[in-house]
Amino acid sequence: MDTGTDRAAIVTVVLASVFALAIGAAVGFVTTFTHRGLPPWGLIAGLAVILALVLGFRLVFSSRIIGAAAAIGAIAATALLTLPGAGGTAFVIDGPIGYAWAIGPSVLAVAALAWPNAVARRERSAARSRMDA
């Protein structure tokens, strides 16, 4: 590969990461407001949306970097709205659902990013078998 192709690949990853960060922040912001609706279904739906967001970016772009950017955006928005203000937080109430919401997005995002890449593993094993043959 030449430097032009390398530079284009880096720019693509940076732009996709910025986009993923913004989308992740928007999703984290919206789901923080809606996680208390219809307990516990609002919580379950919000966690499922964040998990789908991170997995979707990771699978579409075949990169943990872009998936991590989406996760950072969602977790940052959730954390920002979870922080107590002068009179406490009005968005994440103390209780099991609030605690699950404060911790859940981070745990699910890390799990989604740490999950092994099965496609890459299959490609590596196929390449090894071709080399052995």
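For region 15-32, the criterion of being of a type outside the set (S, T, N, Q), surrounded by fewer than 15 Cβ atoms within 10 Å (Cβ to Cβ) and over 18 Å from the mean Cα position of the chain (by Cα) is satisfied by no residue at all. Does any residue in region 5-20 that is within 26 Å of ILE75 (Cβ to Cβ) come within less than 8 Å, Cβ to Cβ, of a residue that is charged (D, E, K, R) and loosely packed, with under 13 Cβ neighbours inside 10 Å six or more places away or on a different chain, and which pairs are these? As it stands, the answer is none, since no pair meets every condition given.
Scanning region 38-91 for residues that are closer than 14 Å to TRP115 by Cβ and aliphatic (A, V, I, L, M), which turns out surrounded by the most Cβ atoms within 10 Å (Cβ to Cβ)? This residue is VAL54. Screening PRO39 on (1) out of contact with any helix residue (DSSP H, G or I) (no Cβ under 7 Å at 6 or more places or on another chain); (2) in a loop (DSSP other than H, G, I, E, B); (3) in contact (Cβ under 8 Å) with a residue 24 or more places away in the chain shows it passes everything except condition (1).
Quick grid of which residues meet (1) over 19 Å from LEU83 (Cβ atoms); (2) surrounded by 10 or more Cβ atoms within 10 Å (Cβ to Cβ); (3) within 17 Å of the chain's Cα centre (by Cα); (4) modelled with pLDDT of 70 or more:
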| residue | (1), (2), (3), (4) |
| --- | --- |
| GLY95 | no, yes, no, yes |
| ALA102 | no, yes, yes, yes |
| LEU108 | yes, yes, yes, yes |
| ALA111 | yes, yes, yes, yes |
| ALA114 | yes, no, yes, yes |
| ALA118 | yes, no, no, no |
| ARG128 | yes, yes, no, yes |
| MET131 | yes, no, no, yes |
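The values are calculated or read from the model by the stated rules, or taken from the named source; none is laboratory data. Everything numeric here is computed off the predicted structure, so don't read it as measured data. Cβ sites come from the backbone with ideal geometry, for glycine too, and all protein chains shown count toward neighbours.
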